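Enquirer: Mind looking over this structure? Questions follow.
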Amino acid sequence: QVQLVESGGGLVQPGGSLRLSCSASGMIFSINSMGWYREAPRLERELVAAITSGGSTNYADSVKGRFTIARDNAKNTVYLQMNSLKPEDTAVYYCNADIDAKVRWGQGTQVTVSS
């Protein structure tokens, strides 16, 4: 059973930082793209950042310059370093991965930016 398990969410003040991690486990042959999406109340789920197996990255305009996505292929893990957090970054963050040609989702982790 392939699973994506996220960690690292929480409550942080505006201007603060958080680092999210997501590890894939189970019987895995290959992972193509990995990424992070977020879903805020009353809004649709949106792409935050994505990274290919070769390291090419893509970011939402709203997080460029503040968030950095990285991955460790040996550990089947993707990270999202979030700096200069704003209240509008508050959302449930979901890990996403293309594993053996099937899209998988994590369970989500809450990120709350508030003073």
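The values are calculated or read from the model by the stated rules, or taken from the named source; none is laboratory data. Since the structure is predicted, the reported quantities are computational estimates derived from the model, not experimental observations. Because the Cβ atoms are built from the backbone with ideal geometry, glycine has one as well, and the counts that use them run over all protein chains shown. What goes into the accessible areas is simple: the full protein's heavy atoms, side chains included, and nothing from ligands, DNA or RNA. Shrake-Rupley method; radii C 1.70, N 1.55, O 1.52, S 1.80 Å.
Enquirer: Where the accessible area of the chain is counted over protein heavy atoms with a 1.4 Å probe, how much of it, in %, is carbon and sulfur? Intermediate values should be presented prior to the final figure.
Expert: Numbers: 2930 of 6220 Å².
In the chain, the share of accessible area belonging to carbon and sulfur is 47 percent.
Enquirer: Okay, next question. Return the sequence-ordered ³J(HN,Hα) values of segment 54-60 in whole Hz as given by the Karplus equation 6.51 cos²θ - 1.76 cosθ + 1.60 applied to θ = phi - 60°, using x for Gly and Pro.
Expert: Along segment 54-60, the couplings run x, x, 6, 10, 8, 10, 5 Hz.
Enquirer: Could I have the simple spin-label model distance between ASP72 and ARG42, label points 7 Å from Cα toward Cβ, reported in nm to one decimal?
Expert: About 4.0 nm separates the two model spin labels.
Enquirer: In terms of Cα to Cα distance under 25 Å, which lysines are near enough to LYS64, apart from those fewer than 8 places away along the same chain?
Expert: The reachable lysines, counting only those whose Cα sits under 25 Å from LYS64, are LYS86.
Enquirer: Please work out the FRET efficiency for the pair SER21 and SER114, using the Cβ-Cβ distance as r and a Förster radius of 25 Å; give the result to the nearest 0.05. Display every interim value, and only then the final one.
Expert: Working: r = 22 Å, r/R0 = 0.89.
The value I calculate is 0.65.
Enquirer: What translational diffusion coefficient, to the nearest whole µm²/s, does the chain have by Stokes-Einstein, given a Kirkwood radius computed over alpha-carbon pairs, a temperature of 4 °C and 1.567 mPa s viscosity?
Expert: On the way: Rh = 14.1 Å.
For these conditions, the coefficient is 92 µm²/s.
Enquirer: Can you list the chymotrypsin sites (Phe, Trp or Tyr not before Pro) in segment 1-76 that are in a DSSP coil and have 11 or fewer other beta carbons within 10 angstrom? Present the calculation step by step, with values, prior to reporting the outcome.
Expert: Numbers: sites: PHE29, TRP36, TYR37, TYR59, PHE67; in loops: PHE29.
Counting only loop positions with at most 11 other Cβ atoms within 10 Å, the chymotrypsin sites (Phe, Trp or Tyr not before Pro) in segment 1-76 are PHE29.
Enquirer: FRET efficiency for GLN107 and SER30, Cβ-Cβ distance as r, R0 = 30 Å, nearest 0.05?
Expert: That gives a FRET efficiency of 0.85.
Enquirer: Residue by residue, what Karplus-based ³J(HN,Hα) values in Hz, rounded to whole numbers, does segment 13-26 have, using 6.51, -1.76 and 1.60 with θ = phi - 60° and x for Gly and Pro?
Expert: Residue by residue, segment 13-26 yields 6, x, x, x, 10, 9, 10, 9, 10, 8, 10, 9, 9, x Hz.
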